[in-house]
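The block underneath contains the structure these notes are about, expressed in structure tokens.
The values are calculated or read from the model by the stated rules, or taken from the named source; none is laboratory data. These figures come from a predicted structure and were not determined experimentally. Quick reminder, even Gly has a Cβ in these numbers, built from the backbone with ideal geometry, and neighbours come from all protein chains shown.
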Amino acid sequence: MTWHDWLRSGLLVLAGAGSGLVGYVSGLASLVSYPALLAFGLPPLTANVTNTVALTGVTVGSVTSARRELTGMRRRVLTFGTLGLGGGTAGALLLLRLPPGVFAQVVPWLVAFGSVVLLLRPWLRRLQAGRLHERHPLVIAVVGVVTVYCGYFGAGAGVLLLATFSAVLPDRMARLAALRSAVVGVANTTAAVIFVLTGSVEWSAVVPLGLGAVVGSAFGPPLVRRLPETPLRVGVALAGLVLAVRLYVTR
């Protein structure tokens, strides 16, 4: 390897670490990692596929570190994880078969909507009290659609899932973030397996980016445990709105 290769790998490790930490705290991992891959010259489709495979590192680091928050949520993880399995498969196949601009028009609005839902969580919890529950068909449908998007591209999918869970589940944000990470992890890993089988992954970028993601995401759960809930929720929502604007401008 030349010094340029070592520098590239080092920068990707740093990008992965930032992506892992941001991904767990806010659900916006791709906001860091995807632009980094584009900056190193990967074509958009290759960057998307490579990003999906590398971000399996976020799942490894975050779920391992968030075992405390996931305690007692086995049924939820199985239920929503099954949706993630199907959604990740469908999303990956859509990415490989459909024109890349199909979702570009609607995604910014979805991310913006999810961000607003997070901002309005206390009001929405009071409004829908007793009307929606985690097994409600509408909740299942929304989670299923979001996991399809997660397999397809995924930028902001964590915000959408966190918004959905926060609207119907009474748990603290730390537990909801752990559940979101587990479900996104299933969808992302499923899509990653499909992308690996297609042979379109840039492995020289996956390895450093993925290693950084493992390290960065491991710091996510301890950080979220210590952050005040309301500022965390508002911060994630505002970051989601910024991403929505960016996606709208660059679509």
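Tabulated data for the structure shown
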| item | result |
| --- | --- |
| Options ALA218, ALA182, ALA205, ALA191; residue that is farther than 18 Å from VAL25 by Cα, hydrophobic (A, V, I, L, M, F, W, C) and touching a Gly at 6+ places or on another chain (Cβ under 8 Å) | ALA191 |
| Residue pairs meeting the criteria (Cβ under 8 Å; at least 6 apart or on separate chains; first farther than 17 Å from VAL77 by Cα and crowded, with 16+ Cβ neighbours inside 10 Å, in segment 126-152; second of a type in the set (Ser, Thr, Tyr) and at pLDDT 90 or above) | GLY151/THR52; GLY151/THR89; GLY151/THR190 |
| Qualifying residue in segment 70-89 (condition: without any contact (Cβ under 8 Å) to a residue 12 or more places away in the chain and within 22 Å of GLU202 (Cα to Cα)) | no |
| Residue within segment 174-188 that is touching a Lys or Arg at 6+ places or on another chain (Cβ under 7 Å) and either closer than 23 Å to THR52 by Cα or of a type in the set (Phe, Trp, Tyr) (or both) present | yes |
| Qualifying residue in segment 88-107 (condition: farther than 14 Å from THR190 by Cα and buried (at least 21 other Cβ atoms within 10 Å of the Cβ)) | yes |
| Count - residues of segment 23-48 that are within 18 Å of ARG246 (Cα to Cα) and free of Cβ contacts under 8 Å to residues at least 12 places away in the same chain | 3 |
